[in-house]
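Report on the structure given below.
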Amino acid sequence: MDKRVYLGIDTSNYTTSLAVIGDDGGLLADQRMPLHVAKEQQGLRQSEALFQHVKHLPQLMENLPWQSEAWRLAAIGVSGAPRPMAQSYMPVFLAGLGMARSLASLQGVPLVTTTHQENHLWAALHSAGGPSASGFAALHISGGTSDILKVERQQQCVLLQTVGTSDDLHAGQMIDRVGVALGLEFPAGPALERVAADSVGDLRLPSAVQNGAMSFSGPCTQALRLVGQESAADIARAVLLCVARTLEKALRWYFEKFGIHPVLASGGVMSNQLIRQELRRRLPHATLWYAEPKFSVDNGLGAAVTAWNSNTNRPWEDLLFRT
């Protein structure tokens with residue numbers, strides 16, 4: 001008998017991603033290809049990223065075991081924009097949208113359009129197994145987003161309200177800029193974490209939050225000035241701890257304004273173990289939920305969960321399972 005499956009597609013500034021889940025919500029496939037960024041560059045132009053997605057998508061689709069697994073496509077979910085906000089747009093998402101629309105039309109299955117941010121949220125919920133509360137806070141911290149979200153669930157839907165964000169650089173941008181200055185390849189997050197593990201100093205960078213608005217431009221500038229004067233390990237650790245302190249201050253502001261809620265963290269920056277540990281240490285009374293690192297970074301799982309959820313009528317708790 002054919003297995004009903006749900007396909008998720010996400011084409012971000014960093015990675016081309018596909019994921020497939022089954023009728024029971026279990027993960028069946030997870031395919032990704034990072035976008036290539038030349039050494040010493042700090043990112044890609046949208047046209048370059050879009051071109052790479054166009055090349056990657058057919059390769060990833062061919063790698064999925066459609067025939068051997070006897071999969072029958074039930075619905076497709078795709079990230080069509082960066083965030084669930086008016087005028088939120090990036091050309092890179094056109095690659096995934098085009099593939100998804102073509103497949104849905106050919107197969108005669110529903111097409112569900114979500115956003116990159118919502119994709120991260122659903123992937124984190126699926127991976128972390130919670131929170132199950134009707135309201136919680138969500139951190140989406142990456143190279144393109146530094147948001148604190150107020151999340152409310154309504155049956156199979158979630159309502160997101162951005163209540164705090166960065167007013168200059170994003171956390172991931174600071175990490176990448178400093179990492180590239182230290183000779184690391186872009187994106188620099190994983191390598192910077194490895195370099196930071198060798199730190200023996202106590203170098204400290206400032207952190208600033210005002211009314212939920214986070215600032216990473218000043219600390220980034222100061223860290224770049226230190227390159228060549230301080231050890232790479234000490235600079236790397238100082239950058240990551242600066243991010244952790246900034247997020248701590250932002251969450252304390254959130255708790256004062258909205259009450260202490262569970263916190264779900266996702267985005268590439270939140271896969272960093274040093275930042276996770278530091279937040280747990282600094283916020284001992286908060287309940288922090290973290291996606292598995294591989295589902296904290298860019299992936300297609302959340303879009304697949306969105307397709308699965310739209311084509312079923314399941315209670316909220318059924319969405320909270322581990323992969």
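Read the figures in this text as sums done on the coordinates, not as results from a lab. Since the model is a prediction, treat every value here as computed from it, not as a measurement. We place every Cβ from the backbone using ideal geometry, glycine too, and count neighbours over all the protein chains shown.
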Which one of TRP122, TRP253, TRP66 has the biggest mean-square fluctuation once the chain is modelled by GNM with Cα springs under 10 Å? TRP66
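Work through the residues other than ALA236 whose Cβ is under 11 Å from its Cβ and net out their charges, Lys, Arg +1 and Asp, Glu -1.
Values: positive: ARG194, ARG237; negative: GLU193, ASP198, GLU230, ASP234.
Charge balance in the 11 Å sphere: -2.
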Please identify the helices of the chain, taking whole runs of DSSP H, that span at least 27 Å along their own axis as judged from the Cα atoms and have a mean Kyte-Doolittle score of -0.5 or higher. 232-258
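In the chain, what is the volume of the convex hull around the alpha carbon atoms, normalised per residue and reported in Å³? Spell out each step's value before the answer.
On the way: hull volume 41.1 nm³, N = 323.
Considering the Cα atoms of the chain, their hull volume per residue is 127 Å³.
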Taking just the alpha carbons, could you work out the radius of gyration and Dmax for the stretch 18-161, both in angstroms? 16.4, 47
Order 110-117, 38-45 from most to least packed using the mean count of other Cβ atoms within 10 Å. 110-117, 38-45
Go from 0 up to the bin containing the longest alpha carbon distance in the stretch 9-82, width 10 Å each, and give me the % of pairs per bin. 17, 46, 26, 10, 1
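Among 28-37, 74-83, what's the highest-first ranking by average C-beta atoms within 10 angstrom per residue?
Per-residue mean Cβ counts within 10 Å order the peptides as 74-83, 28-37.
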Cross-link pairs LYS3/LYS150; LYS55/LYS294; LYS55/LYS150; LYS3/LYS55 - those with Cα-Cα distance over 31 Å: LYS3/LYS150; LYS55/LYS150
What is the fewest-to-most order of THR165, THR306 by other Cβ atoms lying within 10 Å of their Cβ? THR165, THR306
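Show that you can apply the helix-only estimate: for the chain, add -39,500 (n - 2.57) for every DSSP H stretch of four or more residues, divide by all residues, and state [θ] at 222 nm to the nearest 500.
Working: 11 runs with 130 residues, N = 323.
Estimated from H runs of four or more residues: -12500 deg cm²/dmol.
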Taking ILE235, ILE148, ILE260 and counting other C-beta atoms within 10 Å, the order from fewest to most: ILE260, ILE148, ILE235
The stretch 157-178 and the stretch 246-270 have their Cα centres apart by a whole-number Å value of 12
